[in-house]
Amino acid sequence: MPFIFKTKDILNKLNSAIIEKNPFSMIRFGDGGLKMMYSIYHQNKENIKIIGEKEGIPYENMKYIITLWAKYANTADFIDTPSIYDGIKFWKRYKKGITPINCRTQLLLNNWKNVYSKAGISTEFRQYCNPEFNWLSILNNPLNLLNIMKNKKICFISIFDNISNLSGYDIKYVKIVNHYENHFKNSFSDTITYIEENVNKYDLWLNSSGELGRIYSGRIKELGGRVLDMGFVAQYWNNLERPLRFSKFMEIDKKNPLQLQLTKSGLRYKDYI
């Protein structure tokens with residue numbers, strides 16, 4: 001298993017980057033990114049169609065987008081590795097509740113290094129993060145993302161033009177279209193333009209924008225900004241509904257619902273996350 005940085009160490013590096021105004025990015029692929037890369041290189045037309053429609057990516061642009069993924073992953077401070085899902089240092093990858101993922105997805109996760117390499121993503125001497133870092137970053141630890149966000153100027157790319165639960169933070173929202181609404185055609189160009197014109201106005205960018213979002217993250221760092229890939233944390237902060245696949249391991253914090261806390265089952269992994 002490759003060395004995987006703990007959440008607190010990544011957050012400390014992010015905090016230092018904000019203070020010193022150094023560029024920083026975290027890019028996570030998860031099983032969704034792996035599926036897109038694998039499907040393109042093995043010409044799985046059924047999967048390509050499903051991914052393209054959901055993420056709003058035209059087929060003719062997919063290979064170029066993966067090329068950009070590799071470019072920006074290779075300059076990111078951290079990328080994720082699914083090797084952590086071993087049940088020893090971290091819980092296994094589940095669907096809803098504790099339903100196991102299907103065998104095809106498990107094989108894909110096991111083969112992550114070959115998939116990355118095929119796409120041009122370097123796996124040598126990398127700084128890896130847990131694929132669930134976005135959720136781990138909002139655990140109720142002394143240093144978490146919500147604490148870092150205090151008194152910072154933030155830009156949040158997501159499907160929301162406002163998240164009322166985050167009203168206590170200084171946040172500018174850049175809204176993109178939702179799944180199945182043609183992201184590439186209807187949001188991509190405008191979002192890139194906004195990034196290029198405003199990147200250094202913000203202490204931190206938060207990015208919850210699907211498969212195309214990895215390009216946003218890469219461009220933000222390339223231009224000198226700092227960005228975290230937050231995935232579905234945006235939806236959680238909006239409706240305060242925890243994903244069911246975490247129900248055994250993480251629950252809503254009793255004192256601050258914007259945070260999560262480890263359950264008894266989750267606490268067994270505390271020393272590794």
**Message:** residue 250 - would you say it is within 21 Å of residue 72 (Cα to Cα) and among the aliphatic types (A, V, I, L, M)?
**Reply:** no
**Complete:** Filtering the stretch 176-185 down to residues that are part of a helix (DSSP H, G or I) and either hydroxyl-bearing (Ser, Thr, Tyr) or surrounded by 13 or more Cβ atoms within 10 Å (Cβ to Cβ) (or both) yields 183, 184
**Asked** Among all residue pairs at least 6 apart or on different chains, which show Cβ distances below 8 Å where the first residue, located in the stretch 91-117, is within 19 Å of residue 130 (Cβ to Cβ) and the second is part of a loop (DSSP other than H, G, I, E, B) and of a type in the set (Asp, Glu)?
**Response** 92/86
**Message:** Among the listed residues 244, 228, 240, identify the single one that is under 28 Å from residue 188 (Cα atoms), surrounded by fewer than 18 Cβ atoms within 10 Å (Cβ to Cβ) and in contact (Cβ under 8 Å) with a residue 12 or more places away in the chain.
**Reply:** 240
**Item:** Every residue from the stretch 31-55 that is charged (D, E, K, R) and either within 18 Å of residue 73 (Cα to Cα) or free of Cβ contacts under 8 Å to residues at least 24 places away in the same chain (or both)
**Value:** 31, 35, 45, 46, 49
**Fill in**
The one condition residue 91 fails out of (1) within 23 Å of residue 244 (Cα to Cα); (2) at pLDDT 95 or above; (3) within 17 Å of the chain's Cα centre (by Cα) is (3)
**Asked** What about residue 173, is it assigned to a helix (DSSP H, G or I), surrounded by 15 or more Cβ atoms within 10 Å (Cβ to Cβ), within 20 Å of the chain's Cα centre (by Cα) and not hydrophobic (A, V, I, L, M, F, W, C)?
**Response** no
**Request:** Would you mention how many residues in the stretch 199-258 are within 27 Å of residue 64 (Cα to Cα) and of a type in the set (Phe, Trp, Tyr)?
**Result:** 3
**Request:** Specify the residue that is nearest to the chain's Cα centre (by Cα); the eligible residues are those in the stretch 112-162 that are β-branched (Val, Ile, Thr), within 21 Å of residue 66 (Cα to Cα) and assigned to a loop (DSSP other than H, G, I, E, B).
**Result:** 121
**Prompt:** Can residue 214 be described as surrounded by 23 or more Cβ atoms within 10 Å (Cβ to Cβ), assigned to a helix (DSSP H, G or I), modelled with pLDDT of 95 or more and not hydroxyl-bearing (Ser, Thr, Tyr)?
**Reply:** yes
**Item:** Residues (over 20 Å from the mean Cα position of the chain (by Cα) and either more than 23 Å from residue 123 (Cβ to Cβ) or of a type in the set (Lys, Arg) (or both)) located in the stretch 23-46
**Value:** 43, 45, 46
**Message:** Can you find a residue that is under 16 Å from the mean Cα position of the chain (by Cα) and either in a helix (DSSP H, G or I) or surrounded by fewer than 17 Cβ atoms within 10 Å (Cβ to Cβ) (or both) anywhere in the stretch 194-209?
**Reply:** no
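The values are calculated or read from the model by the stated rules, or taken from the named source; none is laboratory data. A quick note: this is a predicted structure, and the numbers were derived from the prediction, not measured. Cβ atoms come from the backbone with ideal geometry, glycine included; neighbour counts cover every protein chain shown.
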